[in-house]
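Participant: Take this structure, written in structure tokens, and hold onto it; I'll ask about it next.
The values are calculated or read from the model by the stated rules, or taken from the named source; none is laboratory data. None of the values given here were measured: they were computed from a predicted structure. Cβ atoms come from the backbone with ideal geometry, glycine included; neighbour counts cover every protein chain shown. Accessible surface areas use protein heavy atoms only, side chains included; no ligands, DNA or RNA. Shrake-Rupley method; radii C 1.70, N 1.55, O 1.52, S 1.80 Å.
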Amino acid sequence: MWNTIVNSTPEIFWAGIKFTIPLTLISFAIGFVIAVVTALVRISHPKGNPIFAGLWELLKLFLSFYVWLFRSTPLLVQLFIVFFGLPNIGIQFDAFTAGIITFSLNTGAYCSETVRGAISSIPDSQWEAAYSIGMTYRQVLFRIVFPQALRVALPPLSNSFIGLVKDTSLASSITILEMFMVSQQIAAKNYEPLLMYSIVAIVYAVFCTVLSIAQYYLEKYMSRYVQVTGE
Amino acid sequence: MIRLEHVDKQYADHHALNDINVEFPEHETTVILGPSGAGKSTLLRSLNLLERPQSGAYQINDETVDFSKELPTSQILRVRRKTGMVFQSWNLFPHLTILQNITEGPIHVLKQPKAQAEQVATELLKQVGLDGTQHRYPSQLSGGQQQRISICRALAMNPEYILFDEPTSALDPELEAQVLHVLLNLAQSKQSMVVVTHNMEFARRVATKIVFVEDGKIEFDGTPAEFFDHPTERIHDFLNGMQF
Ligand SMILES: Nc1ncnc2c1ncn2[C@@H]1O[C@H](COP(=O)(O)OP(=O)(O)O)[C@@H](O)[C@H]1O
Ligand SMILES: [Mg+2]
């Protein structure tokens with residue numbers, strides 16, 4: 001048994017380095033950008049030119065639809081539609097790209113709600129104080145509100161991030177050779193499913209633990225201004 | 001000079017400002033008094049364009065705002081730079097240090113060089129007795145200190161007027177005195193100010209002009225001497241109500 005562990009663990013780990021981690025990092029980075037853009041558009045109130053305002057409302061409607069769609073359907077089904085379904089209408093991706101697209105859109109939908117909530121949690125008085133010194137909407141948003149909102153959003157965003165690490169195991173179903181897929185293949189050969197799936201579970205746990213530790217330090221840094229030492 | 005003519009602000013179910021006509025002279029301290037809910041904050045916040053009355057004219061020095069029209073963003077920003085605002089609950093930016101709170105506007109709105117903005121900020125901190133707090137965060141200071149910082153934040157923009165909305169209402173008497181002391185110094189240096197307050201002693205000693213507001217209307221507009229020494233019946237009741 002010891003031999004099996006020593007032989008297969010590096011192989012599983014390597015699949016993690018090659019697929020699980022890139023899938024997670026790239027998808028989360030893209031998903032975060034989607035989330036922020038979606039949240040900012042959805043909280044905005046366009047004024048002025050009525051045609052522009054009308055188009056903007058349409059965009060907001062479309063983004064609400066997007067968030068609803070990806071939050072109300074299973075991730076596995078989304079993966080299947082993008083990888084196996086879309087080729088039927090002539091849209092074809094390789095498995096890795098299909099994975100990135102689906103995971104990004106999925107995590108973007110969830111995180112946009114997190115970011116939107118965090119921005120709304122910053123009191124109006126912060127907007128007013130910033131406006132009162134003559135800042136523009138954009139300056140208030142990016143210099144005053146967003147940095148504070150990010151602190152609020154960090155724990156739920158970390159949840160989504162850690163969730164994504166584990167969700168990438170679903171990529172095995174669209175032929176991506178990530179960790180879970182590799183452990184399945186090894187188990188099929190050595191008839192040690194309990195051992196193989198335990199190993200892969202532990203490797204996932206290791207990745208997630210590293211992330212949780214990073215989250216702890218990031219949270220501490222982002223909360224540097226809230227600790228009250230009093231006077 | 002600030003001059004308001006026929007200014008009207010209507011909320012769905014409340015007439016908050018009802019045909020306001022008033023002037024706030026330059027280099028003087030106008031104190032706005034009145035019962036709670038009278039429209040004092042609405043009036044003050046209209047000067048900084050945080051509230052938008054539906055009609056009337058607002059003139060601040062060489063700038064005229066027509067409330068009945070949609071205001072161009074450039075004008076809104078210009079008027080806000082002319083009018084510093086100090087809030088009842090100070091509203092400092094919690095994620096920025098004291099120095100950054102004060103220099104945020106000068107650097108990013110007025111585009112001053114950082115070194116210059118920081119030098120001015122340090123000078124202002126000295127004036128309010130808080131030199132040395134530059135690198136701390138607002139949450140590490142007391143309410144009275146935070147309010148003095150927020151006065152520095154407004155002053156750093158070098159505004160033509162500073163508007164105070166009950167700047168000491170959330171403070172203990174001892175901390176209140178420190179803040180009022182700063183206001184007194186500003187008044188003596190001929191800073192143009194409009195102050196909403198419930199502190200009658202401040203109104204009597206520092207104001208050059210008193211405006212009494214009730215139910216969205218201006219019920220008195222005159223000198224502190226007239227206001228306190230020859231009050232109308234209504235003002236008499238109001239002043240009595242302030243005592244126990
Ligand atoms: N956003 C709002 N919507 C509806 N009514 C409001 C709003 N803001 C203020 N009011 C009403 O307008 C009146 C004046 O308010 P305010 O200017 O804050 O009074 P003051 O500062 O003198 O206590 C109050 O009766 C208040 O309830
Ligand atoms: Mg008020």
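Participant: Report whether or not B:SER36 is within 24 Å of B:GLN88 (Cα to Cα) and not β-branched (Val, Ile, Thr).
Facilitator: Here the answer is yes, as B:SER36 does meet what is asked.
Participant: Here's something else I'd like to know. Check B:LEU49 against each of (1) more than 16 Å from ligand 2 (Cβ to nearest atom); (2) out of contact with any Leu (no Cβ under 8 Å at 6 or more places or on another chain); (3) under 16 Å from B:ARG3 (Cα atoms) and name the one condition it does not meet.
Facilitator: Result: B:LEU49 passes all but (2).
Participant: Is segment B:103-114 home to any residue that is within 23 Å of the chain's Cα centre (by Cα) and free of Cβ contacts under 8 Å to residues at least 40 places away in the same chain? Don't jump to the end; show me each part of the working.
Facilitator: Here is the first cut: in segment B:103-114, the ones within 23 Å of the chain's Cα centre (by Cα) are B:103-110.
Filter once more, keeping what is free of Cβ contacts under 8 Å to residues at least 40 places away in the same chain: B:107-108.
Scanning segment B:103-114, I find at least one residue that is within 23 Å of the chain's Cα centre (by Cα) and free of Cβ contacts under 8 Å to residues at least 40 places away in the same chain, so the answer is yes.
Participant: Now for a separate question. Going by the structure shown, is B:ARG3 over 30 Å from B:SER139 (Cα atoms) and within 14 Å of chain A (Cβ to nearest Cβ)? So that I can check it myself, show each step before the final result.
Facilitator: On the way: over 30 Å from B:SER139 (Cα atoms): yes; within 14 Å of chain A (Cβ to nearest Cβ): no.
No.
Participant: Anything in segment B:51-72 that is of a type outside the set (Ser, Thr, Tyr) and part of a strand (DSSP E or B)? List them, or say none.
Facilitator: B:GLY56, B:ALA57, B:GLN59, B:ILE60, B:GLU63, B:VAL65, B:ASP66, listed by residue number.
Participant: Can you tell which of B:GLN75, B:GLN112, B:GLN88, B:GLN119 is outside any helix (DSSP H, G or I), more than 10 Å from chain A (Cβ to nearest Cβ) and at pLDDT 95 or above?
Facilitator: Criteria check complete, one pass: B:GLN112.
Participant: Take the residues in segment A:6-33 that are among the aliphatic types (A, V, I, L, M) and open to solvent by less than 40 Å² (accessible area, probe 1.4 Å), then tell me which one is farthest from A:ALA109 (Cα to Cα). Lay out the reasoning, then the answer.
Facilitator: At the first step, the residues of segment A:6-33 found to be among the aliphatic types (A, V, I, L, M) are A:6, A:12, A:15, A:17, A:21, A:23, A:25-26, A:29-30, A:33.
In the following step, the residues that additionally are open to solvent by less than 40 Å² (accessible area, probe 1.4 Å) were identified as A:12, A:15, A:23.
On the way: A:ILE12: 30, A:ALA15: 27, A:LEU23: 17 Å.
Once the filter is applied, the top-ranked residue is A:ILE12.
Participant: Let me ask you something else. Would you pick out the residues in segment B:67-93 that are in contact with a helix residue (DSSP H, G or I) (Cβ under 9 Å, 6 or more places away or on another chain), surrounded by fewer than 22 Cβ atoms within 10 Å (Cβ to Cβ) and among the small types (Gly, Ala, Ser)?
Facilitator: Answer for segment B:67-93, where residues must be in contact with a helix residue (DSSP H, G or I) (Cβ under 9 Å, 6 or more places away or on another chain), surrounded by fewer than 22 Cβ atoms within 10 Å (Cβ to Cβ) and among the small types (Gly, Ala, Ser): just B:SER89.
Participant: Filter segment B:36-66 down to the residues that are more than 17 Å from the chain's Cα centre (by Cα) and open to solvent by less than 10 Å² (accessible area, probe 1.4 Å), then identify the one that is nearest to ligand 1 (Cβ to nearest atom).
Facilitator: Checked segment B:36-66; the qualifying residue nearest to ligand 1 (Cβ to nearest atom) is B:PRO53.
Participant: I would also like to ask the following. In segment A:132-149, is there at least one residue being within 9 Å of chain B (Cβ to nearest Cβ), open to solvent by 50 Å² or more (accessible area, probe 1.4 Å) and in a helix (DSSP H, G or I)?
Facilitator: Scanning segment A:132-149, I find at least one residue that is within 9 Å of chain B (Cβ to nearest Cβ), open to solvent by 50 Å² or more (accessible area, probe 1.4 Å) and in a helix (DSSP H, G or I), so the answer is yes.
Participant: For segment B:57-67, check the following and say yes or no: at least one residue is without any contact (Cβ under 8 Å) to a residue 12 or more places away in the chain, away from ligand 2 (no atom under 16 Å from the Cβ) and touching a strand residue (DSSP E or B) at 6+ places or on another chain (Cβ under 8 Å).
Facilitator: yes
Participant: Consider B:ILE210 carefully, then state whether it is within 14 Å of chain A (Cβ to nearest Cβ), aliphatic (A, V, I, L, M) and away from ligand 2 (no atom under 16 Å from the Cβ).
Facilitator: no
Participant: Test of understanding: among B:GLU63, B:GLU51, B:GLU28, which residue is within 21 Å of B:LEU183 (Cβ to Cβ) and among the charged types (D, E, K, R)?
Facilitator: Testing whether each residue is within 21 Å of B:LEU183 (Cβ to Cβ) and among the charged types (D, E, K, R) leaves just B:GLU28.
Participant: For the list (1) modelled with pLDDT of 95 or more; (2) not in a helix (DSSP H, G or I), I need the number of the one condition that A:LYS47 fails.
Facilitator: (1)
Participant: Considering every residue within segment A:54-75, establish whether at least one is assigned to a helix (DSSP H, G or I), polar (S, T, N, Q) and either open to solvent by 20 Å² or more (accessible area, probe 1.4 Å) or under 24 Å from A:SER121 (Cβ atoms) (or both).
Facilitator: Yes, segment A:54-75 contains at least one residue that is assigned to a helix (DSSP H, G or I), polar (S, T, N, Q) and either open to solvent by 20 Å² or more (accessible area, probe 1.4 Å) or under 24 Å from A:SER121 (Cβ atoms) (or both).
Participant: Moving on. Here's a check for you: in segment B:154-176, which residue that is assigned to a helix (DSSP H, G or I) and open to solvent by 60 Å² or more (accessible area, probe 1.4 Å) is farthest from ligand 1 (Cβ to nearest atom)?
Facilitator: If we take residues in segment B:154-176 being assigned to a helix (DSSP H, G or I) and open to solvent by 60 Å² or more (accessible area, probe 1.4 Å), then B:GLU174 is farthest from ligand 1 (Cβ to nearest atom).
Participant: If you go through segment B:14-35, how many residues are open to solvent by 40 Å² or more (accessible area, probe 1.4 Å) and either near ligand 1 (Cβ under 9 Å from one of its atoms) or small (Gly, Ala, Ser) (or both)? I'd like the intermediate steps shown before the answer.
Facilitator: Start the filter on segment B:14-35 by keeping residues that are open to solvent by 40 Å² or more (accessible area, probe 1.4 Å), which leaves B:14-15, B:18-19, B:21, B:23, B:26-28.
Checking which are either near ligand 1 (Cβ under 9 Å from one of its atoms) or small (Gly, Ala, Ser) (or both) leaves us with B:14-15.
So the count comes out to 2.
Participant: Determine, yes or no, whether B:LEU96 is at negative phi, facing chain A (nearest Cβ under 9 Å), crowded, with 17+ Cβ neighbours inside 10 Å and not charged (D, E, K, R).
Facilitator: Yes: the conditions hold for B:LEU96.
Participant: While we're here: Scan segment B:44-62 for residues that are farther than 14 Å from B:ILE20 by Cβ and more than 13 Å from chain A (Cβ to nearest Cβ) and jot them down.
Facilitator: Within segment B:44-62, B:ILE60, B:ASN61, B:ASP62 meet the criteria.
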